[in-house]
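**Q** Provided herewith is a single structure, encoded as structure tokens, for subsequent inquiry.
The values are calculated or read from the model by the stated rules, or taken from the named source; none is laboratory data. Worth saying up front: this structure is predicted, and the values here are computed from it rather than measured. Using ideal geometry, Cβ is built from the backbone for each residue, glycine included, and neighbour counts are taken over all protein chains shown. For the accessible areas, the whole protein counts, side chains as well, though only heavy atoms, and no ligand, DNA or RNA atoms are used. Shrake-Rupley method; radii C 1.70, N 1.55, O 1.52, S 1.80 Å.
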Amino acid sequence: MSRTVLALLLLSFLLSNGAIEARLLHLTSSGSKYLTKNELWFDQTLDHFSPYDHRRFNQRYYEFLDHFRVPDGPIFLKICGESSCDGIPNDYTSILAKKFGAAVVSLEHRYYGKSSPFKSLTTKNLQYLSSKQALFDLAIFRQYYQQSLNEKLNRSNVENPWFVFGVSYSGALSAWFRLKFPHLTCGSLASSAVVLAVYNFTEFDKQIGESAGPECKTALQDITKLVEEKLATDRAAVKALFGAAELQNDGDFLYFVADAAVTAFQYGNPDILCSPIVEAKKNGKDLVNAYATFVKDYYLGSFGANVQTYDQRQLKKTAVSEDSSDRLWWFQVCTEVAYFQVAPSNDSIRSSRVDTRYHLDLCKNVFGEGIYPDVDATNIYYGGTRIAGSRIVFTNGSQDPWRHASKQTSSPDLPSYIIRCHNCGHGTDLRGCPQSPLSLEGNAQNCSSPDAVQKVRQQVTQQIDLWLSECRNTGRSYI
């Protein structure tokens, strides 16, 4: 038996309780959606910016060591975002971990999932929920994990090379982590990273129109107009038709109607939406019924969306539950980043009633007076798309409306790539096609242009390889 295998077996034995069980579970569940779901816990500081408040809370994390090259392999920090983090997803990161001999660790975002500091999510208790606090969580966790690894390998003052990964909001956190803590990572992959806080995000709706194409866009616009007319004549009936009778606020309902279409383009399933409504329009069939069928069968069905996500009465609930993520993300939207998906003044797909006032009223109604997003402060702090970091690689899918809040221009220190194909959406480089539901190991064969995905993956891999090599050559975990 080789010394490397012996070392790996020893490390697997020594690492935290449950690691052996998790490894065996992985080996017996080939093709699982998760690399591991074995929960580990870390004692985290509640307020990183107060010299007086020393309260702490338990933060959930995961580790995956199957491919780790002991003792000097890199450590991939895969950031969890604005939802419950129930394990490390088996996406393209697993391929990269195998290639580079990396351990993969993942920290749940504060407040989300099982990492809530409080039993009640009142607006006052949410004051510690911010990207700034989350970045410090990652930095403290990174130091803790490196130290604990050193102790288990009976060594001191040794740094493995680290690399950070994230998609969407966690993609922004990945970029911002490298910006704010460049001494703690060799680089970052910022996939579909929404680094620009946007107050009135009209480009979002415009991209949906471009991704839909002329025929589907026209059908969607017709549907919006017809739904608005039905709301005026028989509000209860049209809401019931969409399986959304509980949405008493018409603005909430119109937001829900718009969002259902968004997911088809954002997550790589455009034909599921466009084919039936374009056909219905050509054949003179009821467009609203055709769209309602899509919403109920796909959006609320196989996609798994919940109508309560759009109900402001639900968003006001402060008890910690499985549905808390909606309230938590809206708090971050209403205080930091906005991304208000408002209707453009001309040629919009979504209802014009989904406007700035709707969003500001939601923030006030759900969280109280004085709550609104200071996007200027956020962009001053991080730089928006003028982010001045280095060794951050940005990727975006051509059909993804969120790419207009990402960095799409390339430079030597901040390369940026757009994957262009019919169903290339949010996080395509790591998720493959479609982007939801999960394609194991980020399988790209169902992308309309697998070669386009593979080309960008090769470019990303080359950047990771280069930056990890530069780290090793300097003997540090950063450049």
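Let's see how each residue does on (1) under 30 Å from Asp326 (Cβ atoms); (2) open to solvent by 20 Å² or more (accessible area, probe 1.4 Å); (3) within 24 Å of the chain's Cα centre (by Cα); (4) modelled with pLDDT under 95:
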| site | (1), (2), (3), (4) |
| --- | --- |
| Leu24 | no, yes, no, yes |
| Thr45 | yes, yes, yes, no |
| Tyr52 | no, yes, no, no |
| Arg56 | yes, yes, no, no |
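**Q** List, please: which pairs have Cβ atoms under 8 Å, are six or more places apart or on different chains, and start with a residue in region 291-310 that is free of Cβ contacts under 8 Å to residues at least 12 places away in the same chain and end with one that is surrounded by 15 or more Cβ atoms within 10 Å (Cβ to Cβ)?
**A** none
**Q** If you take the residues in region 410-442 that are touching a Cys at 6+ places or on another chain (Cβ under 8 Å) and of a type in the set (S, T, N, Q), which one is nearest to Arg391 (Cα to Cα)?
**A** Thr428
**Q** Identify, please: which residue in region 417-450 is surrounded by fewer than 19 Cβ atoms within 10 Å (Cβ to Cβ) and more than 18 Å from the chain's Cα centre (by Cα) and is, among those, nearest to Val262 (Cα to Cα)?
**A** Among those residues, the one meeting the criterion is His422.
**Q** Next question, about the same structure. Where in region 249-368 are there helices (runs of 4 or more DSSP H), lying fully within it, with 1 or more residues that are among the β-branched types (Val, Ile, Thr)?
**A** Filter on region 249-368 gives 250-266, 270-282, 287-294, 356-367.
**Q** Which residues, counting only those in region 226-251, are within 33 Å of the chain's Cα centre (by Cα) and farther than 18 Å from Arg350 by Cα?
**A** Correct list: Ala240, Leu241, Gly243, Ala245, Glu246, Gln248.
**Q** A further question follows. Need a quick list: helices (runs of 4 or more DSSP H) entirely within region 91-198 having at least 1 residues that are more than 21 Å from Thr461 (Cα to Cα) and open to solvent by less than 30 Å² (accessible area, probe 1.4 Å).
**A** By residue number, 131-152, 169-180.
**Q** Say we look at region 291-343 and pick out the residues that are charged (D, E, K, R), in contact with an Asp or Glu (Cβ under 9 Å, 6 or more places away or on another chain) and open to solvent by less than 20 Å² (accessible area, probe 1.4 Å); which of these is nearest to Thr202 (Cα to Cα)?
**A** This residue is Glu336.
**Q** Where residues in region 451-469 are over 15 Å from Thr395 (Cα atoms) and not polar (S, T, N, Q), which of them is surrounded by the fewest Cβ atoms within 10 Å (Cβ to Cβ)?
**A** So the residue we want is Asp451.
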